[in-house]
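Written below as structure tokens is the structure these notes are about.
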Amino acid sequence: MPSTFDAEPWVAIVDDDELIRRALERLLRAHGINARSFHSACDYLRRAPSVPVCICLDVYLREEMTGLDLAEQLRARGSSAPIIFMTGQDWSELGPAMDNVHPDVVLRKPVDSKLLLELITQHARASDGRGAA
Amino acid sequence: MIRQHSGRAAFTRSSSMLGRTTGWQGGPFLISTLPPGPAQQLVAGGLAVLLFAAFVITVAYRHVQLRQYDAFVPIANTIICVNDVITAALLYAQFSVTRSRALLALASGFLFKALTMIPHALTFPGAFATSGLLGARIQTTAWMYMTQHLAFLLSAVGYTALREWHTESSGKDASTVVPIVAAIAAVGASVAGMTWLFTAGADLLPPIMADAVHTTAAFHQFGARMLLIEAVASVLVFRRRATSMIDLWLKVAMCSWLIETFFQVIVRSRFSLVFYMSRSMGVVSSSFVLVVFLSESLMLHRRLVLAVVGREHEREGHRTAIDIVVGTLAHELRQPLTAILLNEKAGASLLSAMPRVPEDIPAIFDDIRASAVRAGEIIDSVRTMFAATAISQGPVDANALVREAAELMRLELEAHHVSVEFDLAPHDRRICAHKGQLLEVLLNGAKNAIESLATITDRKREIRFRTVPLGSAGIAISIEDSGAGVDIRARRRVFEPFYTTKPQGMGLGLSICESIVSAHGGTLALEPRSPHGATLRIELPGSPKPDVPGVPRMAGRIGLSGAPSVSIQNIINRRREMFDGAR
């Protein structure tokens, strides 16, 4: 994981659905938030330039690594980036699968865009605060 | 997709006909229509051989005179009477279902035989009174015995002839009560008439008994003529191939009847060995016919019950399939809906920063949003609707599950002459699972195995269920067969998309089986087996803490139910593959 300090706070979007990535990028851009999107967990691990203010992470990704795997790995590496999970599954289908990753937040698709935006803004502000301190 | 097998298919056909109560011929579910199997033919043949052996022995000792037991005839008659009344009732009941006139004739024959036992015992000299009741003459019982034989013979020939030439059932909507009541009345009247003729009118008939014990030459002449008639009738009955259990046992009854008549020709006096044997044979054959009819009826009932239970499971399988289809659709539709909502929000945000906006535009964005939200709610409600049918998880004993699957498949296993072996783990191993779903996987595996055995003729058709402990808490269940092997099946079926499942299809297909096993955190593999056949191997990890759901913090609605350790990654990947395949 690149640890170079990036002055610009940014939000990571990890989802295998291109339409969702594009839409979320647009939304964050419209609110003046930097966003980078990644189509898979490996893509994120390879290309993420620094620690983002938060990660919008799809629970299930098409590639070998799922969102859960990525979250687990990031935790293991001591990453502090908060994760906003997004999932198209029913709550009942998730169940104890979430046990290992202790997610901060899980939003179910179709996500409440207003709530998502609020959560991201909160994380961005908190990150600003940390950056200022 | 997985085809139906003959056993279950036959049930489906006949059950659809059960709705129409008229014109139903019974299919393989009535003793009057059930074709006799090799085992039943063997039993019937065995009894015929025994009867013949008894006949030979009796003929060898035909001069032996035994003690006079006056109670013998009433006892033998009572047994025959009760047996034959029940047999007649069974046959009348069969008639009321199938409306076959042949059965009506045969039932009436049995009833006539049963009812004549009563006056015969009453008039038998020494049984209830020294010279018999009802004003009996010396000739009475002998004539009754002869008539009884002739009448039953007539009904047997009538049955065979009607089966042969009168295949159409009687009037489609006609009541069956009227013919049955009429037949019973006719039988009752003829028994009464016969009794009157042979008691009050006995003097009009030629004497066939010299005294209460000894027969005359006329008796033997009558006996010989009857034997001739009976032999001709037997040829008619025996020439026709037994196409039902009743046909088969009628032949056995005819054997016994022929032997009894032959004894009439050689009997010199009452209470000889021949006399006792002839009566005993009547008791044995009537008892045997009744026992066979009753036990076969119960066996058929069991088959029906199994078939009904099988259908219930089939329905459960469909529900599982629907649940998985709906789940997949829900997931796939939520993706684009998410994109719509995010785009709407982005658009609305950009719009709000613009100084001048045409007045309809914000309303348009609001409507897009409302529509997408509504679509999401519809998906949720459909999911909830089907989730209600899903049965919750619980501890499942793998060995018991395997046995249940084999029991449910018994009809099809029997129909395809497949033998089943069990090689089960010595200790019960309980895993937390959705029992109905796992059972569905096993049934599906067994069905595939049976199907692959259908073409096997040069070796034993065998399915072996094996359970082996896996790790500390898991279990591996395998279904091994000696069938055509994995290649053919693998190419045709494995991972076939479920959407091709026909509505009347029996199972779910291996693709959905895999989804089910994956949802339990397990794996499913189809491997070749040496020297023949294939092995379907289901590995299920134990679930260490099914009762600790571990609820994560969630924004928005929270609704976790206690699912087991789910490897959702697998199930989602599988679903995506299916959908990619379907596109």
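Since every read-out is calculated from the coordinates, none of them should be taken as a lab result. Remember, predicted model here, so these are calculated numbers, not experimental data. Backbone-built Cβ (ideal geometry, glycine too); neighbour counts: all protein chains shown.
Worth a mention:
- Computed lengthening from B:ALA174 to B:LEU134, 0.36 nm per intervening residue step minus Cα-Cα distance: 10.4 nm
- Net length gained if the chain between B:GLU312 and B:VAL59 were fully extended (0.36 nm per residue, minus Cα distance): 85.3 nm
- Distance between modelled label sites at B:ARG239 and B:VAL181, nm, 7 Å Cα→Cβ extension: 3.9 nm
- Between B:LEU351 and B:VAL468, the contour length at 0.36 nm per residue exceeds the Cα-Cα span by 35.7 nm.
- Charging the Cβ of each Asp and Glu at -1 and of each Lys and Arg at +1, and nothing else, the dipole of the stretch B:315-387 about its Cα centre rounds to 180 debye.
- In straight-distance terms, cross-link reach from B:LYS113 covers every one of the aspartates and glutamates whose alpha-carbon lies under 19 Å from its own, apart from those fewer than eight places away in the same chain; here that gives B:ASP84, B:GLU230, B:ASP247, B:GLU260.
- Charge dipole (debye, nearest 20) of the stretch B:439-482; +1 at Cβ of Lys and Arg, -1 at Cβ of Asp and Glu: 120 debye
- Taking label points 7 Å from Cα along the Cα-to-Cβ direction, B:ILE322 and B:ASP380 give a separation of 2.2 nm.
- Mean Cβ count within 10 Å, highest first, over the residues of peptides B:109-120, B:234-245, B:93-104: B:109-120, B:93-104, B:234-245
- Cβ-derived FRET efficiency at R0 51 Å, B:SER530 paired with B:LEU50, nearest 0.05: 0.60
- Dipole in debye (nearest 20) - the stretch B:31-309, about Cα centre, beta carbon charges: Lys, Arg +1; Asp, Glu -1: 380 debye
- Neighbouring partner chain Cβ atoms per residue of A:16-24, average, 10 Å criterion: 5
- Residues of type aspartates and glutamates that B:LYS435 reaches as a straight line, Cα spacing below 12 Å, ignoring anything fewer than 8 places off in the same chain: B:GLU316, B:ASP397, B:GLU404
- Positive-end ranking of B:LEU337, B:ILE324, B:LEU350 along the dipole of the stretch B:315-387, with charges on Cβ about the Cα centre, is headed by B:ILE324.
- Each residue, A:GLU72 and A:ARG125, gets one label point 7 Å from its Cα in the Cβ direction; the gap between the two is 3.5 nm.
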